[in-house]
Amino acid sequence: MIQNAKCSWDSLGIQIDQMWFSLTDDCNMRCSYCFVQKGQNYMDLKVMDRALDVLFMSKGKEKKIILFGGEPLINFKLVKTFTEIAKKKAGLFNKKIKFGVGTNCLKMDQEIIKFLKNEDFQISVTLDGKSETHNRFRKSKDGKPTHNGIIKNIRKIQTTINSSKLCCLLGVHNSEIRNLFSNCNYIFKNTGIKSINIEPVQTNHAWTKNELTYFKLNLLKIFNFILSESNKNNFFFLKLFE
Ligand code: SF4
């Protein structure tokens with residue numbers, strides 16, 4: 001079966017460089033803007049196996065695998081199993097892999113940190129900025145604010161893992177556009193994270209002209225900040241809408 005599939009993917013000349021795996025729809029948080037229909041479903045090992053076949057049979061030597069959810073680390077055992085299967089398969093297909101994980105960082109203990117370090121994971125932490133902004137939308141499953149716990153865990157990670165392996169995924173809600181610069185500034189100055197990926201959160205509100213203007217103004221302020229810091233050999237990075 002693998003042989004046949006290999007022929008058909010090769011003959012199509014398709015190259016897949018990265019694949020995102022939603023390991024679960026379960027989560028330990030209940031963000032008000034979340035679009036994930038929560039359940040307790042976890043990716044089936046057979047589905048995982050077949051998806052990895054497709055990734056590794058496609059052209060190209062270097063592959064990136066990103067785990068997300070829900071909250072993928074809520075089932076750490078599954079993350080470990082997945083990583084083992086992926087590494088084994090990559091070896092069989094003679095491919096190189098890099099792993100990434102998108103996490104809310106609420107469940108982070110030394111065992112997980114050690115594992116993420118050993119497997120050289122790129123870690124994207126979802127954090128919306130200052131506590132006033134973040135806690136407005138992002139509560140735990142039992143309705144508690146999550147900001148302090150996430151900041152504490154980011155610091156815990158940084159005792160073992162270099163900050164260059166960490167980036168922040170900042171969700172921007174239309175009602176918080178005016179605070180975008182101060183929220184980015186907070187992350188750059190208080191967390192040790194030097195790379196932010198800005199993503200507008202999904203709501204059924206279309207941004208108004210006014211909101212778009214504030215968005216542009218805030219982006220300009222962030223660019224100016226990054227530029228002035230780079231002149232002092234202090235480098236920060238910004239990505240929009242990955
Ligand atoms: S942490 Fe992510 S998956 Fe969980 S509720 Fe918030 S947005 Fe949804």
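All of the numbers you see were taken from the coordinates with simple rules; none came from a lab. Note that the structure is a prediction, hence the values are computed from the model and not measured. Here Cβ is always computed from backbone atoms with ideal geometry, including for glycine, and neighbour counts include all displayed protein chains.
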Taking the mean number of other Cβ atoms within 10 Å as a proxy for protection, how do you rank 189-199, 98-108 from highest to lowest?
98-108, 189-199
Plugging the Cβ-Cβ distance of residue 228 and residue 62 into 1/(1 + (r/R0)^6) at R0 = 35 Å yields, to the nearest 0.05, a FRET efficiency of 0.50
Under the Kirkwood approximation applied to all pairs of distinct alpha-carbon atoms, what is the hydrodynamic radius of segment 39-190 in Å?
16.9
Past 31 Å, Cα to Cα, is the threshold; run 117/139; 152/239; 63/209; 89/114 against it and keep the listed order.
63/209
So which aspartates and glutamates pass the test for residue 165, namely a Cα distance under 13 Å, with those fewer than 8 places away in the same chain ruled out?
119, 120
Residue-averaged [θ]222 nm for the chain, counting only DSSP H segments that reach four residues, each worth -39500 (n - 2.57):
-13500 deg cm²/dmol
Taking Cα atoms only, helix 209-230 is inclined relative to the longest principal axis of the chain by an angle, in degrees rounded to 10, of 80
Report the far tail of the P(r) of segment 68-114, meaning the percent of Cα-Cα pairs longer than 12 Å.
67
So, with points 7 Å from each Cα along the Cβ direction, the residue 219-residue 164 label distance in nm works out to 2.8
For the modelled label position 7 Å from the Cα of residue 98 along Cα-to-Cβ, which residues of segment 17-56 have backbone nitrogen atoms closer than 13 Å?
17-19
May I ask you to compute the full-extension gain from residue 208 to residue 54, defined as 0.36 nm times their residue separation minus their alpha-carbon distance, rounded to one decimal in nm?
51.3 nm
Burial ordering of 54, 47, 201, 125, fewest other beta-carbon atoms within 10 Å first
47, 54, 201, 125
Taking the beta-carbon count within 10 Å as an exposure proxy, list 207, 20 from fewest neighbours to most.
20, 207
Using a Debye calculation, one point per C-alpha and no hydration shell, please list log10 I(q)/I(0) for segment 33-127 at q = 0.10, 0.11, 0.13, 0.23 Å⁻¹ in order.
-0.28, -0.33, -0.47, -1.30
Charges on Cβ only, +1 for Lys and Arg, -1 for Asp and Glu, centred on the Cα centroid of the chain; of 57, 230, 131, which one is farthest towards the dipole's positive end?
230
Relative to the longest principal axis of the chain, what angle (0 to 90°, nearest 10) does the C-alpha long axis of helix 76-92 take?
50
Globularity index of segment 122-232, i.e. its alpha-carbon radius of gyration over 2.2 N^0.38 Å:
1.10
Using Cβ contacts closer than 10 Å as the measure, can you line up 133, 208 from fewest to most?
208, 133
Taking the dipole of segment 48-148 about the Cα centre (Lys, Arg +1; Asp, Glu -1; charges at Cβ), the one of 108, 143, 67 that reaches farthest to the positive side is 67
With +1 on the Cβ of every Lys and Arg and -1 on the Cβ of every Asp and Glu, the dipole magnitude of segment 81-164 about its Cα centre, in debye rounded to the nearest 20, is 100
Contour minus end-to-end for residue 16 and residue 237, with contour as 0.36 nm per residue of separation and end-to-end as the Cα-Cα distance?
77.0 nm
Positive dipole terminus of the chain, leading residue within 214, 13, 32 (C-beta point charges)
214
Size-normalised alpha-carbon gyration radius of segment 113-163, reference 2.2 N^0.38 Å:
1.28
